[in-house]
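Heads up, the thing below is written out as structure tokens.
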Amino acid sequence: MTIAVQDLREYLDRLVREVGPESVRTIDGAHWDLEIGGISELMAESGSSPALLFDNIPGYPTGSRVLTNYMGTPAACAVAVGLAPDTPKMEVVRVWKDRLRNLTPLPPKDVGDGPILENVLEGDDVDLEIFPTPKWHEQDGGRYIGTACMVITRDPDSGFVNLGTYRACVQGKDRLSLWINANDGRTIASKYWARGQACPISVVVGCEPTLATAAATSAPFGVSEYDLAGAMRGEPVEVLYPPGSDLPVPAFAEIVIEGEMPPVEEESVHEGPFGEWTGYYTHSGPETVVRVRRILHRNDPIILGSPPLLPTTTPGYQGLPIFGATQIWQQLDKAGLTNVVGVWAYGLLLMFVISIKQTAPGQGLRALMAAAGSPHTIGGMQRFFVVVDDDVDITDLNHVLWAVFTRVKPVESIHIIPTMTGPIDPRLSPKDRADKDYLMGTVLIDATKPFFWKDDFPGENRFTETLREEIRAKWSDRLPL
Ligand SMILES: Cc1cc2nc3c(=O)[nH]c(=O)nc-3n(C[C@H](O)[C@H](O)[C@H](O)COP(=O)(O)O)c2cc1C
């Protein structure tokens, strides 16, 4: 199936067309200094925020816009991955999993030209301050243009092109800072630094959601997230090579910032703090800079913003929970578990819930161990794994909690395994953080009914679906059932 949303603008058009005009809200006059961030947070907390397109931002020309909360509802998430807006939430994960299982990496296509070249700023014209970059949270140490950005680097050994999402702060007209942890982007940059060279880098601010989501995930080193995004979209990503650069950029991106990143010993800047996706300000300190050589942007560019909120108030943010659940499910498939009914994520990726149809004893724990062994981590913070029976609706947190509260025997159903976390973890003690001692642990909770007497487990007092439907049919014209 083809997804192929070409760019952010087409995604917004599709939302309006397929979900309805109320799914995209244009807001005029909100200030970059905390107002855009504050409105985005309050709207997200309502639980069903439309995509918010901020325009007429004070001090900036009309048309220079910021988009937030762009995947704030299940319908918006479905449209982003090319499905009908009313696709059930679990079905979205299932479709993605099947797509990835059959995935043949699809390299990007060089189309030579594209709207990203509408404006090319070089030399004295380079100025990052022309964009209405928000200050998102009260204690942020600057204006972060890159929150859902896509950072492109090329491995100098194999030549493969890597995409990653790393927070990017405007540090002046021609300086950007990046905070890059231990991931493929850092491995590549370190190779240039070891050769005494600065790492060529391009930062894309604003691209369609599948591409932005692929950038934030970790493909094995040597596999380009461009190829992954192509496979997920069902069509190659259309790219172009800006003059003199060997880093391909999306032809339909909104803004591309090109430059070089020297080692931190050669040039650094104080970066952070920044209100991160865990819901806390964690890291700040000297970090790497990008010396900006050139800026490309479309007319009326849109900054794609994903200001981190509390992980529990932004379930649909970035499509990351959907993608994370997909990856865990794939892991379970690889481990040979054939009875998995679904996987869902809460708190972005802090808790995964798996539902299984038990056919033999011990399957709950097997599923938990296979999931916890997944190589896919976001800062190492996959903290809780829960397994339940298939009668539990895992997309409903209340239903999951009910199973945990009533089917777990704490002395035998909860296991803690030693795993490593990452520097973003707020629970690291100051000493452990300084020593880089990241041992933290993961909790495995088996909330399935005990296999040998599951059929004798007390019956539920909840109305059956059949009776619910009968009551709805008779009463729903008078009551909101
Ligand atoms: C919204 C968002 C922001 C992120 N910010 C950072 C960041 O500031 N620094 C970082 O190292 N990783 C960050 N990550 C995680 C990386 O993008 C992720 O680990 C990715 O797989 C890295 O890609 P790579 O291994 O190809 O370099 C972020 C992820 C998301 C979804």
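Every number here is computed from the coordinates shown, using simple stated rules; none is lab data. None of the values given here were measured: they were computed from a predicted structure. A quick note on method: Cβ atoms are made from the backbone with ideal geometry, for glycine too, and the neighbour counts reach across all protein chains shown.
With the charge dipole of the chain set up from +1 on Lys and Arg Cβ and -1 on Asp and Glu Cβ about the Cα centre, the Cα lying farthest toward the positive end among the listed residues Trp193, Ile328, Phe274 is that of Ile328. Estimated at 0.36 nm per residue, the fully extended path between Ser190 and Lys109 surpasses their Cα-Cα distance by 26.3 nm. When the helices of the chain are scored as -39500 (n - 2.57) per DSSP H run of n ≥ 4 and the total is divided over every residue, the value at 222 nm lands at -7500 deg cm²/dmol.
Taking every alpha-carbon pair under 8 Å whose residues sit at least 6 apart, the range 18-79 reaches a relative contact order of 36 percent.
For Asn339 and Val223, a Förster radius of 35 Å and the Cβ-Cβ distance give a FRET efficiency of 0.75, rounded to the nearest 0.05.
Neighbour counts of other Cβ atoms within 10 Å put Asp55, Asp246 in the fewest-to-most order Asp246, Asp55.
If the chain linking Asn183 and Asp86 were pulled fully straight, counting 0.36 nm for each residue of separation and taking away their Cα-Cα distance, it would gain 31.3 nm.
Please say if the range 47-142 is rounded, prolate or oblate, where rounded means a/c under 1.5 for a ≥ b ≥ c the square roots of the C-alpha gyration tensor eigenvalues, and otherwise the choice is prolate for a/b larger than b/c and oblate otherwise?
Here the range 47-142 falls in the oblate category.
Measure nothing fancy, just the Cα-based angle from helix 363-372's long axis to the longest principal axis of the chain, in degrees from 0 to 90, nearest 10. Roughly 10 degrees, rounded to the nearest 10.
The relative contact order of the chain comes to 15 percent, based on Cα pairs under 8 Å that sit 6 or more residues apart.
A straight Cα-to-Cα reach below 25 Å connects Lys436 with the lysines Lys191, residues fewer than 8 places away in its own chain not being considered. Here the calculated FRET efficiency for Lys357 and Lys409, from their Cβ-Cβ distance with R0 = 22 Å, stands at 0.55, rounded to the nearest 0.05.
When peptides 165-172, 273-280 are ranked by their average number of other Cβ atoms within 10 Å per residue, the highest-first order is 165-172, 273-280. With the highest mean first, a sort of the peptides 20-31, 134-145 on other beta-carbon atoms found within 10 angstrom per residue produces 134-145, 20-31. Over the range 39-87, the alpha carbon radius of gyration divided by the compact-protein estimate 2.2 N^0.38 Å works out to 1.34. For the chain, the Stokes-Einstein estimate of translational diffusion at 37 °C and a viscosity of 0.692 mPa s comes to 140 µm²/s, using the Kirkwood hydrodynamic radius over alpha-carbon pairs.
For the peptides 252-261, 176-185, residues were scored by their other Cβ atoms within 10 Å and the scores averaged per peptide; the highest-first order is 252-261, 176-185. Just to confirm the number: angle between the C-alpha axis of helix 184-194 and the first principal axis of the chain, 0 to 90 degrees, nearest 10? Approximately 40 degrees, to the nearest 10. Sorting Ser476, Ser190, Ser49 by the number of Cβ atoms found within 10 Å of their own Cβ, with the fewest placed first, yields Ser476, Ser190, Ser49. The long axis of helix 320-334 is offset from the longest Cα principal axis of the chain by roughly 60 degrees.
Extension gain, Tyr241 to Lys431: 0.36 nm times the residue separation minus the Cα-Cα distance gives 63.8 nm.
Place +1 on the Cβ of every Lys and Arg and -1 on the Cβ of every Asp and Glu in the chain, take the dipole about the Cα centre, and give the residue among Trp402, Ser306, Thr419 whose Cα lies farthest towards its positive end. It is Trp402, whose Cα lies furthest towards the positive end.
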